[in-house]
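Have a look at the structure below, then the notes.
We did not get these values from a lab; they are worked out from the coordinates using the rules stated. Note that the coordinates shown come from a computational prediction; the quantities given were computed from them, not determined experimentally. A quick note on method: Cβ atoms are made from the backbone with ideal geometry, for glycine too, and the neighbour counts reach across all protein chains shown.
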Amino acid sequence: MKEIRLHGRGGMGTVKAAEIIVTAKVLEGGYGNSIPFFGFERQGAPVSSFVRLDERPIRPKTQVYTPDCVIVLDGTLRKAVDVFEGLKDGGWLILNSEPGSRVEDLDLPRSVGTVVLVDATGLALRRLGKPITNTAMLGAFVKGTGWVELSDVASKVEEFWGRENADLLGEAFEAAQVIRLR
Amino acid sequence: MSTVAVMNGNYAAATAARLARPEVIAAYPITPQTPVVEYLTLFAAEGSLSSRMTEVESEHSAMSILSGASLAGARCYTATSSQGLALMYEPYFRASTLRLPIVMNIVNREMISPQSVWGGPQDSLTLRDAGWIQIYVEDNQEILDQTIQAFRIAEDPRVLLPINVCYDGFYLSHMTERVEVPEQAEIDAFLPPYEAKHQILDPRKPMAIDPLTSGYLVMEYRKKHMDSMAAALGVVEETDKAYAALTGRSWGGALDLYRMEDAEYAVVTLGSVTGACREMVDEKRAAGVRIGLVKVRCLRPFPKAAVAAALARVKGFGVIDRNVSFGWNTGIVYQEVRSALYESGRTLPSVPFVGGLGGEDITLGLVSKAFDEIVAAVDAGRTPQSAVWLWAPRKGVKA
Amino acid sequence: MSTLEKDYVCPVGEGIYAANTGDWRTQRPEIDQEKCSRCGTCLLYCPTNSVRRVEGRFVIDLGYCKGCAVCAAECPKQCIAMIREGRK
Amino acid sequence: MSALDLLAEREDMISPGISACVGCNVELTLRTVMKVLGPNSILAIPPGCMGGVGVVGWNKQSGAKVPVFFPLLDNTASMLAGIRLALDAKGRDAHVVAFAGDGATVDAGFQALSGVAERGDRIIYICYDNEGYMNTGYQRSSSTSKGSWTSTTPVSKEGQGGKRQHGKDFPMIMAMHDVPYVATASPAYIPDLVRKVEEAMKVKEGLAYIHVYNPCLTGWGIRAEESISVARLAVKTRFFPLYEARNRKFKITVPVPNPLPLEDYTSRIKKFSHLGPERIAELKDLAEERYRFLEAVSAGGGGRA
């Protein structure tokens, strides 16, 4: 089983992104569930969502405490939230980062095994005219982990948000930089 | 033929309601049930739901509108949570004593105070004696399957009682997972249209509903109500079998047992915590502990004999309650299980856990701890006299 | 079968129950048909619906009349007398 | 058809023997209303006098010849809205009617009624306002007139006490919901009442609300034979004006250009017997205020048509 935690802000589509990952997995014949952290999702406030993926039915309906992967939809969240809490050793970090960011400057904990960097905000602004980063982050996630197929995610993204977002997904997939740290 | 979809619990409930073709729907939004109302209005706007729907000004009116509609012979559906259910109490009790087969999902949420919008079945469990059938489920597929079945159970001439299908707020209502959705034609065959024969408000057949009634007749009606509750237990099982024949999915009727065949210890569960407990049963069994699980699905009518039979060979058990019974100082399900055993003449060591209040997560770690505590208490022949609190201590919180 | 033996699932009533309110009466109305102008005021205002119009005349059906005397009070011709029950 | 012809010829839809007090003008109102509405009706009688006297029936028998039921005290309007939805779903039609006291209407039932009015559910709602909870021995309601003795607003031997607040102007509150039809009525004006029920029956979308002012013989202390005459005085003193409103178009149906002194009315009622001239004047001032308001909003500047 793979466990994922997404960190975003209200209005970024964090919960929906989590649902798309699950939907893609189910389309592929697998199982998954996603649970949003239960709070009041005010625009701009930190929110999180939990995802589990597996090849067999997933029984626990609990939050994720030791994720295999953390997706951070807004880099500035690192100031407010410990996004690495419980990250499994050798786990994945999918980070929305400024263009030209260097891993050495990111002050990552030792638990991170693979980091995926993408300027999701920049890509989203250019293509959508607004900093809604979930689609771009999904592209980076798929590229970094390969846990679900890009085409399945793309079809759902298009279904929910239209062609422009599906293109953004592909663009982010191409642009994302996967760095293995060990 | 069914369709595989991915949906949250509220969408599963709304989808089930749509498939059941209720003639009248009245609901008032409340967290965490709100999306059910939104989905239904969306279905109606899209044209996939033809129910008469009304946007009411309170839950009291929602249940009242359905009471009127049901008296006039309509199949009825609604959903609520917590304070909404509390506000409904007056027409809620009356819907059962008037024998109105209304189906209502309860998206379980903690009762205030303290102010909380998060999960916990305190709301519906507190109303266990109000004459409704109450069934509790553990995942989104079960929400959909059981909500469809609820209409058939409620409208069965042997039953004619309103029914709640209860699911945990947020943990299920807002959790997204894979759900198989049956075809409309399959459900149409499973659920013939409702015909109110026991009473009807219809000028072609004038009758009085609920005249002033002497005590001895109140006794008569109460006894009939109780008899129907008893009959409902069988109808729940039958309906589960009929639904399994249709979809291949059986949920076990009033009670669902997991790895109980040779169990020395048992954990009794209700609602969404069951999944984590199943996982932990497997884990403990792998470590050599012979523990099994009894999931209470039907809380009313309570399957007393089945519970006693399920626990007939264990040395002891524990109950994980996400609710409290003030003054009894344990959870409510624990009382029910203990009472059922008393009838069978057995006294077993047992542990009354209380955890997960106000949406607190009952983590796998906590479940593991609970299982260890069951084994330790049972082996020592110990029964704690009040609740064992299942929680992870936090800094600054008085434990 | 008596009404009480009816086997209803839930509290339902069929057929009409009528309290014997005619027994309540301590006085009864009598219309002086000579003085009556046939205006029907007594029928319009009788609380128990005890006034009948028969071939243009108004008569009192005493079956459920409670003897309230509203008809006598309202009659514009003052042609309705209230007679103590028990006297002929 | 004249009101007399109608009432003489139509079948009484209510049991001939209901245990209302001798002379009760609510019994008269109910029988009249139901004759006008006829057999294709579904009748709701919430807890209150008319429920208590057996209109919903007794044990396994009914008190009416139409389908009749007890709603709860506070959900009459919403239960009827549900019945309407069910009838709509089944493609049937009937008059869906409430006959409810002021407790079930202006107090506990107000939320449900206001909701129905706002949503436009098609029901006919008739309130018999006897200014309090009569079925349980006359406790005050928010419709009770200021100064009234009630069992919860007692009066001392010295004549002090009685209700401290004015009653709500409830029919006006309902009219302000912008519903298709609102009317006030009186058991002393039966032809007017008959016509208003007929108007209510014509409403095809939304609420028709009729507020009937029914002086209570037992609770207020009125002689049985004065049941109608006291009700008439309430109108003739402008204490309870008769009007109707279609959406916001008002019309006074029984204009009172030269009102009788209010004392003519209050002096016939025991619950006001402790009130001195000052407190009567206070009632009169409010009645005049309300009447002037009604004239101002009525068609033709007073509706003296």
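Descriptive notes on the structure:
- Sites listed here are GluC sites (Glu not before Pro) in region D:205-305 whose DSSP assignment is loop and whose Cβ has at most 11 other Cβ atoms within 10 Å: D:GLU205.
- The helix-based estimate of mean residue ellipticity at 222 nm for chain C, built from -39,500 (n - 2.57) per DSSP H run of four or more residues and divided by its residue count, is -2000 deg cm²/dmol to the nearest 500.
- Zone of D:GLU199's modelled label, taken as backbone nitrogen in region D:213-248 under 18 Å from a point 7 Å along Cα→Cβ: D:213-214, D:235-236, D:240-248
- Under a model in which nothing but the beta-carbon of Lys, Arg (+1) and Asp, Glu (-1) is charged, the protein assembly as shown shows a dipole of about 2460 debye around its Cα centre.
- Of the residues B:GLU138, B:GLU90, the one with the fewest other Cβ atoms within 10 Å heads the list, and the complete ranking is B:GLU90, B:GLU138.
- Two-site FRET efficiency, A:SER155 against B:THR3, from Cβ-Cβ distance with R₀ of 25 Å, rounded to 0.05: 0.95
- Pairwise FRET efficiency - B:GLU283 versus B:ARG158, Cβ, R0 = 51 Å, nearest 0.05: 0.75
- Residues whose amide H lies under 5 Å from that of B:ALA266, counting only those 5 or more places away or on a different chain, are B:GLY292, B:GLY316, B:PHE317, B:GLY318; hydrogens are built 1.01 Å from N in the peptide plane.
- Counting only lysines at least 8 places from A:LYS156 when in the same chain, those with an alpha carbon closer than 16 Å to its own are A:LYS16, A:LYS25.
- Reachable lysines, given that their alpha-carbon falls under 25 Å from the alpha-carbon of B:LYS304 and they are not under 8 places away in the same chain: B:LYS223, B:LYS224, B:LYS241, B:LYS295, B:LYS315
- Expressed to the nearest 5 percent, the antiparallel share of DSSP beta bridges inside chain A is 55 percent.
- Residues with amide H under 5 Å from that of D:HIS95, placed H, sequence gap 5 or more: D:SER41, D:ILE42
- Under the Karplus curve 6.51 cos²θ - 1.76 cosθ + 1.60, θ = phi - 60°, whole-Hz ³J(HN,Hα) for region A:67-74, x wherever Gly or Pro sits: x, 7, 8, 10, 10, 10, 6, 9
- Of all DSSP beta bridges in the protein assembly as shown, antiparallel share, percent nearest 5: 45 percent
- In percent, rounded to a whole number, the relative contact order of chain D is 15, using alpha-carbon pairs under 8 Å and six or more apart.
- Calculated from backbone phi, Karplus (6.51, -1.76, 1.60) coupling profile of region B:158-172 in Hz, x at Gly/Pro: 7, 10, 6, 9, x, 9, 10, 10, 9, 9, 5, x, 6, 4, 10
- Here B:ARG322, D:ARG195, A:ARG102, B:ARG152 are placed in order of increasing Cβ neighbour count within 10 Å, fewest first, which gives A:ARG102, D:ARG195, B:ARG152, B:ARG322.
- D:SER273 versus D:LYS157: modelled label distance in nm, points set 7 Å from Cα along the beta carbon direction: 1.7 nm
- The alpha carbon centroids of region D:48-88 and region A:137-182 are separated by 61 Å.
- Eligible aspartates and glutamates near B:LYS197 by straight Cα distance, threshold 12 Å, same-chain separation 8 or greater: B:GLU155, B:ASP156
- Relative contact order of chain B, pairs being alpha-carbon contacts under 8 Å that are 6 or more residues apart, as %: 16 percent
- Label zone at C:ASP7, where the point sits 7 Å out along the Cα-to-Cβ direction: region B:170-210 residues whose backbone N lies under 15 Å: B:198
- For region D:247-255, Karplus couplings with θ = phi - 60° (6.51, -1.76, 1.60), whole Hz, Gly/Pro x: 6, 9, 8, 9, 8, 7, 8, 10, x
- Exposure proxy order (Cβ contacts within 10 Å, fewest to most) of D:LYS35, B:LYS304: B:LYS304, D:LYS35
- Estimated from helices alone, the mean residue ellipticity of chain B at 222 nm is -13000 deg cm²/dmol (sum of -39500 (n - 2.57) over DSSP H runs with n ≥ 4, per residue).
- Subset of B:LYS284/B:LYS395; B:LYS205/D:LYS60; B:LYS205/D:LYS90 violating a 24 Å alpha-carbon distance limit: B:LYS284/B:LYS395
- Rounded to the nearest 20, the Cβ-based charge dipole of chain B about its Cα centre (Lys and Arg +1, Asp and Glu -1) stands at 900 debye.
- In region A:103-182, chymotrypsin sites (Phe, Trp or Tyr not before Pro) in a DSSP loop with at most 14 other beta-carbon atoms within 10 Å: none
- Region B:280-343 versus region B:152-183: alpha-carbon centroid distance in Å: 22 Å
- 5 angstrom amide H check on D:GLY17, placed H, neighbours 5+ away: C:ALA19
- When shorter helices are ignored and each DSSP H run of at least 4 residues is given -39500 (n - 2.57), the per-residue value for chain D at 222 nm works out to -10500 deg cm²/dmol.
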